[in-house]
Amino acid sequence: MKSLFFIFVFGFSGLVSAQSLPVTLWLDVQIQEPLASDSNAWTARALHRSLAPALDKSSYFKIHPSANGAPEYYDGVIRVVCGYEKNELRFQMTVRDTLHSLQKDFSYKTKPGQLRATHEKMMTDIFSSFNIADKKALETVKKDLQNIRSDEAYTMLQQAFAAWSDTRTADSWIQKALQKEPRASLLYERAGELAAARNEYDAAISYYHKTLELDSARFYIYRKIADVHYDHKNNLKSAKANYFEATHRDPTDAASWLQLGYCAYLEKDYTIARNYANKAVEVWQKKFGKTVYRETATAWNLIGNVAVAERDTAGAREYFEKATNTNPYDIMARKNLARLYEFDRRWDKAVSMYGQVLTLESQDITARLSLANLMYQKKRYVDAARYYVSAVMIKPESENQRENPIQILQWMSANRKDIKPLQTLMDSVDERILDDATDPKKQFELRITSGYVYLYYLQKPTEAIHEFKSAQSLNPRAYRLDYYLGEAYFQVGSYDLALPFLRRYAEHAEDSYTYAKVFLLLAKTLNKLKRYEEAQIEIIKSIRVYPNAESYYVQGIAFRGTQNNEEAVRAFERAVKVFPNYTQAHYELGRAHMALRKYDKALPELQKAVELDSSNYQYRQTLARWYSTLERWEEADATLAATERRMLSAGVKDPTVYEDWGEQYFQQKKYDVASQKYTLAYGADTTTIQACFRLASIAASQHDGTSALRWLSRAFRNRFVDFNALLKDKNFNALRQTPEYVELVGTYERAYNEEVQKKINLTR
């Protein structure tokens, strides 16, 4: 049976028999064939957003924020298998209480456009399975579903839920549903949630006010309005006003009392903050009696933060511990408690607490980075590197930690030159890979750690590629590996291999940091492949998100590649404006001005490049070309002499330097000196074309036909094809009528023309 898996986690205030609320619950929605490939598959994809918000409003159910960990870790599991048979949707729901090893099975069938009744039945069965006896709460949940009267509008809402990540499509379904039922307050509420997801906060508030206008009994909407002001608009005054309104309309709204406490905390009114937190606890305890209500942990956590602000460390620890004891799933209190343990240098306690956080939320960046520092303190460098690199995998911008420096990162950076400590670290990683061979999760983390260090610290991209590919075989959905593989292939010069990895990662880059980086590297790769027009498109995507000196520089290279030197100049000018000491940008700006024959503007840019990097002989070589272009021969000669010194001190013999030097003497008709320089160029590289051609020309001017034909023959063998230049060179006039010249030039010219004709025929 083929299934697609959509896994979500619910936090319920559930099992009464457990005497603790909420009971966290794992929801696993499976789609069977043929539904998986049917147009009605949205009915399953929408299930999470259909059930979760309604359950959340009951006060007996609280949604957990993630789906990490394992099902057996949670108090219960709900598995819904969605199928399609004879034009009917079929749902098999299994509700399992893992704490008491109890299980119930339910079956439902319905038409695609009649889902509301099925969702109501599911709610009833979930309540009964977890012994929730509060009939009023269940009726409230059902009433919420019944707010939309027509099945057609309810179906449109489900289609919006199924497309929720595509906010534009989801919004179109919501608007269609509103056209069917313009007075359905639930639709306006959902429209508000969707607007908030699109960061359209004023629109969200407007939708929420419309919800209240249609149904003034939805008191909790005031809290939603307040949340937008609190979380997104930084408007504490409006947030407080709406939280107050929520508590005035419904004094049992503990969540709003608690948020008033957080508002007071931000205003540093700690006594008021503590009082509101205690009020929230009082409301919860009055409602649930002796039952341990886990959400009170959020109030204890706030009081703990108040104690920290008042420098009462002992009191803070007491309340954070109370929060963790009250709710085994509370992450924030565990992180706060771990920080206190860090301050007290109780490393083992802190490690244990952060470990609990990762059990609850394996993607938590703060816990991973903190563990990286703790492991460094304990001299467990392999684990320190493992936690750091895994954090970067999850959130790439974690590489830039300014407020909380990562010690293992600083240590690796300090040892870039002396690689022995890093190599020792890698040997230890290799040993751990062998020791933990049966643990795929650790194998994955160790492999990415190894690849990361090889790529960025040991400059061994080939080894990095091997490690990243091994990691990818363990976790094919770790899309960040595509970026690392792309960068590794880029470093080894395999640009054609880098490209598909970078394109695939670009499809998954969501946050601005990774989006800007991947499109920057994509553009650099395309430039290397001389696909300049494509590079221009990709670099714009990076610049729109994060304009910086390097992105403007890459854009300039892309424009130069298509001979658009005017735009190249503008791009390079932006680069040096952002970073005035950007050597390469000054150099390329000078070259672009030269291409436009704006020699007066080229000179200061080339001189600036030489000033910033005096050891780079190529910058001086280009400056010498500028002098030669304007026939400032003495300055060109002096600059080329300095160029040669720096070239030789770098252990390089670049034939183009001697070709340029020879060319300036050739233009002055100082053939003896020019011949010496061209001979040096040929000695540096026997495949040089320009030197062979010029040596032939000089020999011809000196009436040495034998030498002229020998050098010209070498030029042809090196793929010289500029027959027009040969025709214009008057030095060859005396040779043109000789049989040897006619045969040599005729043979190569005919071969060249035949080759050109073949290429033309292939394109037809």
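Computed quantities for the displayed model
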| item | result |
| --- | --- |
| Enumeration of residues in region 695-719 that are of a type in the set (F, W, Y) and within 13 Å of G746 (Cα to Cα) | F716 |
| Any hit, region 656-671, residues being within 23 Å of S713 (Cα to Cα), of a type in the set (S, T, N, Q) and loosely packed, with under 15 Cβ neighbours inside 10 Å | yes |
| Residues being surrounded by fewer than 17 Cβ atoms within 10 Å (Cβ to Cβ), over 31 Å from the mean Cα position of the chain (by Cα) and assigned to a loop (DSSP other than H, G, I, E, B) - total across region 180-214 | 2 |
| Failed condition for Y617, given (1) within 38 Å of the chain's Cα centre (by Cα); (2) of a type in the set (F, W, Y); (3) surrounded by fewer than 17 Cβ atoms within 10 Å (Cβ to Cβ) | (3) |
| Long-range neighbours under 6 Å by Cβ, at least six apart or interchain, first residue in contact (Cβ under 8 Å) with a residue 24 or more places away in the chain within region 318-346, second in a helix (DSSP H, G or I) and of a type in the set (D, E, K, R) | T324/R334; L340/R317 |
| Criterion: buried (at least 20 other Cβ atoms within 10 Å of the Cβ) and part of a loop (DSSP other than H, G, I, E, B) - qualifying residue of L712, L695, L735 | L735 |
| Segments classed as helices (runs of 4 or more DSSP H), wholly inside region 439-532, with at least 2 members that are at pLDDT below 95 and within 30 Å of N565 (Cβ to Cβ) | 512-528 |
| Residue among F161, F91 that is closer than 16 Å to H48 by Cα, aromatic (F, W, Y), within 38 Å of the chain's Cα centre (by Cα) and in a strand (DSSP E or B) | F91 |
| Single condition Y243 does not satisfy, out of (1) closer than 28 Å to Y154 by Cα; (2) over 35 Å from the mean Cα position of the chain (by Cα); (3) crowded, with 22+ Cβ neighbours inside 10 Å | (1) |
| Pair list, Cβ < 9 Å and 6+ apart or interchain, from region 716-741 residues that are hydroxyl-bearing (S, T, Y) to residues that are surrounded by 13 or more Cβ atoms within 10 Å (Cβ to Cβ) and in a loop (DSSP other than H, G, I, E, B) | Y741/L735 |
| Residues of region 574-612 that turn out to be farther than 17 Å from T629 by Cα and part of a loop (DSSP other than H, G, I, E, B), as a count | 4 |
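Yes or no, residue by residue, for (1) closer than 19 Å to L358 by Cα; (2) surrounded by 19 or more Cβ atoms within 10 Å (Cβ to Cβ); (3) out of contact with any Leu (no Cβ under 8 Å at 6 or more places or on another chain); (4) in contact (Cβ under 8 Å) with a residue 12 or more places away in the chain:
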{"site": "Q377", "(1), (2), (3), (4)": "no, no, yes, yes"}
{"site": "A391", "(1), (2), (3), (4)": "yes, yes, no, yes"}
{"site": "E397", "(1), (2), (3), (4)": "no, no, yes, yes"}
{"site": "Q407", "(1), (2), (3), (4)": "no, no, yes, yes"}
{"site": "K417", "(1), (2), (3), (4)": "no, no, yes, no"}
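The values are calculated or read from the model by the stated rules, or taken from the named source; none is laboratory data. Bear in mind that the values here come from a model prediction, so they are computed numbers and not experimental data. Positions of Cβ are backbone-derived with ideal geometry, glycine not excepted, and every protein chain shown enters the neighbour counts.
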